[in-house]
1. So what are the range 84-125's ellipsoid semi-axes, whole angstrom, largest first, if each one is the square root of 5 times an eigenvalue of the alpha-carbon gyration tensor?
2. Using a 1.4 Å probe on the protein heavy atoms, what percent of the accessible area of the range 5-53 belongs to carbon and sulfur?
3. Equivalent ellipsoid semi-axes for the range 53-128, as square roots of 5 times the alpha carbon gyration tensor eigenvalues: give them largest first, rounded to whole Å.
4. State the percent of C-alpha pairs, over all pairs in the chain, separated by a distance greater than 27 angstrom.
5. Find the Cα radius of gyration of the range 1-64, compare it with 2.2 N^0.38 Å by division, and give the number to two decimals.
6. Enumerate by residue number the chymotrypsin sites (Phe, Trp or Tyr not before Pro) in the range 19-128 meeting two conditions: DSSP loop (anything except H, G, I, E, B), and at most 16 other Cβ atoms within 10 Å of the site's Cβ.
7. Excluding ligands, DNA and RNA, what is the solvent-accessible area per residue of the chain at a probe of 1.4 Å, expressed in Å²?
Amino acid sequence: MWLEIFLIPFILVIILFVIFWIVHEGTKWQKHRYLGRFARIIQTSPRRGFLIFLTLTTMTFPMAALVMTGLWWDKLEAGVIPEKTDVVNVMLLMFLVLAFTIAILWGSFRTWRHSARAEAEEAIRMTE
């Protein structure tokens, strides 16, 4: 029971991440009936896109801990001692999710860094 309850926030974070990843680039998404809200939020600036991806990536850690806790509580309620295999399975799931999210987070950071550098160079040119 607890595993299923604690899986809900973990899956919601993953779904939000995927939605923001889909609409991250391309102005065609801004006119979409459902995804337009997400596109307008993340496409405001490169900084906002990076911060959204950073927040969602960071939120996957406590959500994975919740999944592991729910798994342990279910096992303890059933009178079974939790095994190391359960911990390893949740950690492997977390590594898989992190491999996906960190690559996108790094790309978003690079976009933000390049846009900030271009703005600074433009400001220097304007003062000369």
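1. Values: eigenvalues 316, 8, 3 Å².
The answer is 40, 6, 4 Å, longest axis first.
2. 66
3. Numbers: eigenvalues 412, 22, 6 Å².
Equivalent-ellipsoid dimensions as semi-axes: 45, 11, 5 Å.
4. Details: 3024 of 8128 pairs.
When all Cα pairs of the chain are counted, 37 percent exceed 27 Å.
5. Values: Rg = 13.3 Å, N = 64, 2.2 N^0.38 = 10.7 Å.
Against the compact-globule rule of thumb, the ratio is 1.24.
6. On the way: sites: F20, W21, W29, Y34, F38, F50, F53, W72, W73, F95, F100, W106, F109, W112; in loops: Y34.
Those satisfying the criteria are Y34.
7. Accessible area per residue: 68 Å².
The values are calculated or read from the model by the stated rules, or taken from the named source; none is laboratory data. These numbers were taken from a predicted model, which means no experiment stands behind them. Glycine also receives a Cβ, built like all others from the backbone with ideal geometry; neighbour counts cover every protein chain displayed. To get the accessible areas, we keep the full protein, side chains included, count just its heavy atoms, and leave off ligands, DNA and RNA. Shrake-Rupley method; radii C 1.70, N 1.55, O 1.52, S 1.80 Å.
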